[in-house]
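First up is the structure itself, then whatever we jot down about it.
The values are calculated or read from the model by the stated rules, or taken from the named source; none is laboratory data. Note that this is a predicted model, so its numbers are computed, not measured. Virtual Cβ from ideal backbone geometry, glycine too; neighbours counted across all protein chains shown.
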């Protein structure tokens with residue numbers, strides 16, 4: 001029979017890596033299954049992290065590397081593989097990957113979230129040819145050009161400010177007349193002379209030939225249409241939790257997030273959720289790391305009583 005671990009962690013963002021560290025401290029036999037060769041989840045694509053205590057200005061890549069190194073130093077076992085399905089019903093939980101099966105007494109889901117699409121004509125066609133979901137990944141391709149960012153939250157504002165350092169001009173297109181981003185981020189945005197906010201507006205279509213050439217933009221109040229000449233369109237309109245594999249097995253909220261409180265306990269005994277994939281007020285690196293620690297405390301208690 002295959003080895004039965006105390007714990008399988010699915011995902012290696014801040015929540016999964018924090019859980020791995022705490023699991024090693026608790027002497028739990030643990031394996032971390034990650035889809036990508038680089039740990040860190042969404043923070044890998046973050047140019048600068050300025051709100052993680054004690055590490056102001058650290059890059060997302062450096063922070064993720066630091067967390068991974070810490071987990072490895074503690075003796076954590078990692079495997080890079082694609083999870084195909086989960087069986088959460090039995091006493092032992094089963095994770096089926098592309099290459100094999102893994103069995104454990106408990107599972108911690110730290111699968112994070114993915115970028116939400118606009119769903120407009122031209123978006124799919126020009127993805128990788130002017131349409132991007134990662135300003136820090138692709139911004140350098142648009143040096144001294146005119147680009148647009150779509151969204152009004154923290155990520156959209158951070159992206160616009162980052163791009164303003166590289167690009168000739170940046171449009172920030174937002175469907176409302178006020179931003180959702182943190183006030184300190186908004187202050188930084190409005191201090192940039194080459195950023196223009198296009199209020200109360202949505203993108204109807206992304207146009208071009210082989211590359212993005214312009215955006216068809218509509219004012220939601222006046223219905224006025226305008227074309228913005230841009231070379232790139234960076235989309236930052238939210239995230240979708242990576243919870244598809246547990247639909248029908250765990251209770252989810254209307255947004256698809258796994259219903260779990262701060263303790264990480266889900267609707268199925270022995271299954272825990274941490275980070276962006278669970279219901280929570282604030283989705284930040286610090287709360288994801290906290291989730292990982294809380295989950296290990298919860299599952300230790302669970303293991304004592306099974």
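Tell me yes or no: at least one residue of the range 132-142 is out of contact with any strand residue (DSSP E or B) (no Cβ under 8 Å at 6 or more places or on another chain) and closer than 17 Å to residue 34 by Cα. The answer is no, given that none of the residues of the range 132-142 is out of contact with any strand residue (DSSP E or B) (no Cβ under 8 Å at 6 or more places or on another chain) and closer than 17 Å to residue 34 by Cα. Scanning the range 53-79 for residues that are touching a strand residue (DSSP E or B) at 6+ places or on another chain (Cβ under 7 Å) and in contact (Cβ under 8 Å) with a residue 60 or more places away in the chain, we see that the one that is farthest from residue 157 (Cα to Cα) is 78. The condition (being part of a loop (DSSP other than H, G, I, E, B) and either crowded, with 17+ Cβ neighbours inside 10 Å or at pLDDT below 95 (or both)) is satisfied by just one residue among 136, 106, 111: 111. Filtering the range 38-52 down to residues that are free of Cβ contacts under 8 Å to residues at least 40 places away in the same chain and farther than 17 Å from residue 182 by Cβ, which residue is farthest from the chain's Cα centre (by Cα)? In this case the residue turns out to be 38.
So that you can scan it fast, the table gives a plain yes or no per residue for (1) farther than 17 Å from residue 275 by Cβ; (2) at pLDDT 95 or above; (3) assigned to a loop (DSSP other than H, G, I, E, B):
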residue: 2; (1), (2), (3): yes, no, yes
residue: 15; (1), (2), (3): no, yes, no
residue: 19; (1), (2), (3): no, yes, no
residue: 39; (1), (2), (3): no, no, yes
residue: 51; (1), (2), (3): no, no, yes
residue: 54; (1), (2), (3): yes, no, yes
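One residue stands out in the range 56-81 among those that are touching a helix residue (DSSP H, G or I) at 6+ places or on another chain (Cβ under 9 Å) and assigned to a loop (DSSP other than H, G, I, E, B): the one that is surrounded by the most Cβ atoms within 10 Å (Cβ to Cβ), namely 76.
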